[in-house]
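The values are calculated or read from the model by the stated rules, or taken from the named source; none is laboratory data. This structure is a prediction, so every number in the text was calculated from the model and none was measured. FYI the Cβ positions are ideal-geometry reconstructions off the backbone, even for glycines, and counts take in every protein chain you see. We work out accessible area using only protein heavy atoms, side chains counted, and drop any ligands, DNA or RNA first. Shrake-Rupley method; radii C 1.70, N 1.55, O 1.52, S 1.80 Å.
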Amino acid sequence: MRFPTRKTSHEGPRSIFAGNRRMRIRRRLTDSTAHAPYELCTSEIRRVGKRQHFSLAVAMLTATMVCAQEIPKDLGDQSIENLMNIEVTSVSKKQQKISRTASAVFVITKEDIRRSGALNIPDLLRMVPGLDVAQINGSTWAISARGFNGQFSNKLLVTIDGRIVYTPNFAGVYWDTLDLPLDDIERIEVIRGPGGTVWGANAVNGVISIFTKRAADTPGAIVQGGGGNIDRTFGSIQYGGKLGKGADYRVYAKYFDKNQMADLAGANGKDGWHMLRSGFRVDSMVSSKDTVTTEGNIYAGREGELEVFLPSVTSPGFVAIPQQINLGGGFLQSVWNHTSSERSDFSLQGSFSRYRRDDPLGPETRNTFDFDFQHRIAWGSRHDFVWGVGAHFTTDQIEGSLTVSFNPPARALEVYNSFLQDEIALLPNRLYLTLGTKLEHNEYTGFEIIPNARLTWAPHDRQMFWAAISRALRAPSRSDTNLVVNVGGFPGSDGTPVLLRFLGNRQFRDEHLLAYEAGYRAEIFDGLSVDIATYYNDYHDLQTSEPSASFFESTPSPAHEVQTLTYQNLMHGETHGIEIATNWKVTDRWNLSSSYAQEQLHLHTSVASTDGVTPAFVEKGAPRHSAQLRSHLDLHHGFTWDASAYFVDRLSHQAPSTMEVIPAYTRLDTGLLWKVSEGFSISVVGQNLLRDQRLEFQDVFESVQSSRIKRSGYAKFVWKF
């Protein structure tokens, strides 16, 4: 059974903009001849790329930004898509240009997906600045925005086509089941920062919104497959076509089989897994003003991992054993969109999802119904309103074991919400103020209000400034209130066995955030864009673990005393940081993207707390610095070459039993694709190439054992007809 976790970080090296190195690079560039900027930039990037870890990604990023200033403006004539004209939906639940968006949002486009070489969604998310993506073992990831990472990051909300996907048990995401054909993804919008006003509780530090392509955009057949040392076998088959007049469809089936990785001791980590998934989507044009989209999928798989369990009440601690987990589930969703006019439209969405995880320590079955209605209406020439109501109903049945259980084992939960947001044109096309609030009711803490205020100013078409102040909250989950974990036993002073037990707290309250953000976006010139975001987050009522009651029980035998710990809301603190992303089209064949993120966390407990561990775990659970550089080069004769370097700063104070420091690392991925014909291509991809294996994350509670992430490679073919 996977328990909620907290992740840690460590002090990192000095800032990316430490002056000496940057000035040396700039001096060498500006002192050189002006007629060979490309050769100069390329050689500079190669030179700094020889440095290790932090220096690799940082120096490559710095060299890229400096080189950009040396390129003549006429080279950007065939530019990438203008940053200011990119449209996003997830910030305000309506389409709007990024030049009107007062939020730190990053868009992974379908071209980014095609070039990435990634085979799963977590690896795609590594390219987002300020997003911490760490793989725990073969089938488990820890992903968060702006700190507070863990196996279940309870301050990050994830949606697919507007459907929220998370487990109310831990308010996190089962990333192993969040899988679909990557070729069917239109874009992924990642908000770093609060999104609670439109998305509700748990959209505290970020929102990841995945949008799939319309069925009309995927006609014909697609067959693809491949294999490698870790991704042993993978493949999919898909077909799209028309259903009479005004309706398009696609159906697909997808399978993969992944090899095991090594555990911390270098032995077999027993974490191999396989999964089969099938799905469909139908888009219907009911009338000139109405469309209906219906989609769904089902999946079944089996995954292995080294889990921990408690053999008996007298055992001193957990023992790791290999487990096999059968999992399956699916969903069905339908969305009706109606356009009354250019100034008014509404949508009605309903979905049902079900999953079953046969974890030997705590099998879980869950059924969930969701309903959402939203309406956009423009009023006059200055107001654009979006309002909506929603309901969420879920039931579960969680079987228990001596190690972990829930009390009660079955529960039904209901959440109701409504929201209103108004975008006000103070100066049309230049200055906009957005005011909004959400009213949400849950069965744990009752009614909550989640407001925000956002301001955008675009002095001209190529640049904009934005600022925001937002309130967000993280509502309690089943684990916060109903979890029961037996941690280990020891003999008491009179010889009576003592069992240490962790209990959820039914009076656990919401965790609160007040966030202040500001940012700047600009097209420096055709082909070069920059996006900068800064933030200061003020947290209150954060979770700590505190001693609680003691009592005697006779079962399970032998009779023993129980000493308990429970959750309390006795921690507060602040985080602040900066995130920078650039995109530079060097030539019509070569594109470079880079980013850098820096973050600091400062957390404190109240005088009533005895928890001296949690603040250090959370503070040092996110990398202080991270950076990346991605290159895409179109070669001749149908070849393209992509390469990516990701730097992640070190982490410390992770698992209590080992207190192992996770060193900083640089991940290098590269791939070569050959487009043999219009419908057939072959690619070869290498991942994690700099080291044979490394540790990325270690579970604080050690409920699931970490693996060492291996160097890997695969070959793949795609046939479209």
statement: A careful count of residues in segment 441-457 that are at pLDDT 95 or above and in contact with a Ser or Thr (Cβ under 8 Å, 6 or more places away or on another chain) gives 8
task: With the condition kept exactly as written, say whether any residue in segment 640-652 is within 20 Å of Gly138 (Cβ to Cβ), modelled with pLDDT of 95 or more and either open to solvent by less than 10 Å² (accessible area, probe 1.4 Å) or in a strand (DSSP E or B) (or both).
output: yes
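Conditions (1) buried (at least 21 other Cβ atoms within 10 Å of the Cβ); (2) of a type in the set (D, E, K, R); (3) in contact with a His (Cβ under 7 Å, 6 or more places away or on another chain), marked per residue:
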residue: Ser595; (1), (2), (3): yes, no, no
residue: Thr610; (1), (2), (3): no, no, no
residue: His625; (1), (2), (3): yes, no, no
residue: Gln628; (1), (2), (3): yes, no, no
residue: Arg691; (1), (2), (3): no, yes, no
residue: Gln698; (1), (2), (3): yes, no, no
- prompt: For segment 75-175, which fully contained strands (runs of 3 or more DSSP E) count at least 1 residues that are closer than 30 Å to Gly388 by Cβ and of a type in the set (Ser, Thr, Tyr)?
  reply: 104-109, 140-145, 156-160
statement: Counting only residues that are within 22 Å of Ser477 (Cα to Cα) and among the basic types (Lys, Arg), segment 507-538 contains a total of 1
task: Looking only at segment 100-111, count how many residues are surrounded by fewer than 21 Cβ atoms within 10 Å (Cβ to Cβ) and over 15 Å from the mean Cα position of the chain (by Cα).
output: 3
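Conditions tested, residue by residue: (1) at pLDDT below 95; (2) within 28 Å of Arg411 (Cα to Cα); (3) assigned to a strand (DSSP E or B).
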{"position": "Glu307", "(1), (2), (3)": "yes, yes, yes"}
{"position": "Ala320", "(1), (2), (3)": "yes, no, yes"}
{"position": "Gln324", "(1), (2), (3)": "yes, yes, yes"}
{"position": "Leu327", "(1), (2), (3)": "no, yes, yes"}
{"position": "Ser334", "(1), (2), (3)": "no, yes, yes"}
{"position": "Asn337", "(1), (2), (3)": "no, no, yes"}
{"position": "Phe346", "(1), (2), (3)": "no, no, yes"}
{"position": "Arg354", "(1), (2), (3)": "no, yes, yes"}
{"position": "Pro360", "(1), (2), (3)": "yes, yes, no"}
message: Return the residues of segment 212-238 that are β-branched (Val, Ile, Thr), within 26 Å of the chain's Cα centre (by Cα) and in a strand (DSSP E or B); say none if nothing qualifies.
response: Thr212, Thr233
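Each row is one residue, and each column tells you yes or no for (1) surrounded by fewer than 19 Cβ atoms within 10 Å (Cβ to Cβ); (2) outside any loop (DSSP other than H, G, I, E, B); (3) β-branched (Val, Ile, Thr).
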{"site": "Gly240", "(1), (2), (3)": "no, yes, no"}
{"site": "Lys270", "(1), (2), (3)": "no, no, no"}
{"site": "His274", "(1), (2), (3)": "yes, yes, no"}
{"site": "Arg277", "(1), (2), (3)": "no, yes, no"}
{"site": "Asp283", "(1), (2), (3)": "no, yes, no"}
{"site": "Ser288", "(1), (2), (3)": "yes, no, no"}
{"site": "Ser315", "(1), (2), (3)": "yes, no, no"}
message: Which residue is farthest from Tyr239 (Cα to Cα), if the candidates are limited to segment 176-191 and must be among the charged types (D, E, K, R) and part of a strand (DSSP E or B)?
response: Glu189
- prompt: Just wondering, is there one or more residues in segment 398-406 that are within 30 Å of Ile325 (Cα to Cα), in contact with a Ser or Thr (Cβ under 8 Å, 6 or more places away or on another chain) and polar (S, T, N, Q)?
  reply: no
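Residues checked against (1) open to solvent by 10 Å² or more (accessible area, probe 1.4 Å); (2) free of Cβ contacts under 8 Å to residues at least 60 places away in the same chain; (3) within 22 Å of Asn482 (Cβ to Cβ):
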residue: Gly527; (1), (2), (3): no, no, no
residue: Ile532; (1), (2), (3): yes, yes, no
residue: Tyr536; (1), (2), (3): yes, yes, no
residue: Thr544; (1), (2), (3): no, no, yes
residue: Ser548; (1), (2), (3): yes, yes, yes
residue: Phe551; (1), (2), (3): yes, yes, yes
residue: Pro558; (1), (2), (3): yes, no, no
residue: Val562; (1), (2), (3): no, no, yes
residue: Leu565; (1), (2), (3): yes, no, yes
message: Where the second residue is of a type in the set (Asp, Glu) and part of a strand (DSSP E or B) and the first is within 19 Å of Asp649 (Cα to Cα) and in contact (Cβ under 8 Å) with a residue 24 or more places away in the chain and lies in segment 600-625, which pairs have Cβ atoms under 7 Å and are six or more apart or on separate chains?
response: His602/Glu574; Ala622/Asp132; Ala622/Glu599; Pro623/Asp132; Arg624/Glu599
- line: For Ser609, the lone unmet condition from (1) more than 30 Å from Arg114 (Cβ to Cβ); (2) at pLDDT below 95 is (2)
query: Within the bounds of segment 563-576, is there any residue that is at pLDDT 95 or above, within 28 Å of the chain's Cα centre (by Cα) and closer than 30 Å to Ile524 by Cβ?
result: yes
- prompt: Would segment 577-589 turn up any residue that is aliphatic (A, V, I, L, M), closer than 30 Å to Pro194 by Cβ, open to solvent by 20 Å² or more (accessible area, probe 1.4 Å) and part of a strand (DSSP E or B)?
  reply: yes
- request: Output the residue which, of all residues in segment 626-639 that are in a strand (DSSP E or B) and not small (Gly, Ala, Ser), is nearest to Ala134 (Cα to Cα).
  value: Gln628
- request: Any chance you could count how many residues in segment 694-707 are closer than 21 Å to Phe256 by Cβ and touching a Lys or Arg at 6+ places or on another chain (Cβ under 8 Å)?
  value: 1
query: Is it true that Phe256 is in a strand (DSSP E or B) and either under 17 Å from Val684 (Cα atoms) or touching a Pro at 6+ places or on another chain (Cβ under 7 Å) (or both)?
result: no
- prompt: Looking only at segment 351-405, which residues are among the small types (Gly, Ala, Ser), more than 22 Å from Val319 (Cβ to Cβ), over 25 Å from the mean Cα position of the chain (by Cα) and open to solvent by less than 30 Å² (accessible area, probe 1.4 Å)?
  reply: Ala378, Gly388
statement: Contact list, first residue from segment 416-445 and open to solvent by 60 Å² or more (accessible area, probe 1.4 Å), second anywhere and of a type in the set (Asp, Glu), beta-carbon distance below 7 Å, six or more apart or interchain, is Leu435/Asp422; Glu443/Glu414
task: Kindly check whether there is at least one residue in segment 679-688 that is surrounded by fewer than 19 Cβ atoms within 10 Å (Cβ to Cβ), within 29 Å of Arg146 (Cβ to Cβ) and either under 25 Å from the mean Cα position of the chain (by Cα) or modelled with pLDDT of 95 or more (or both).
output: no
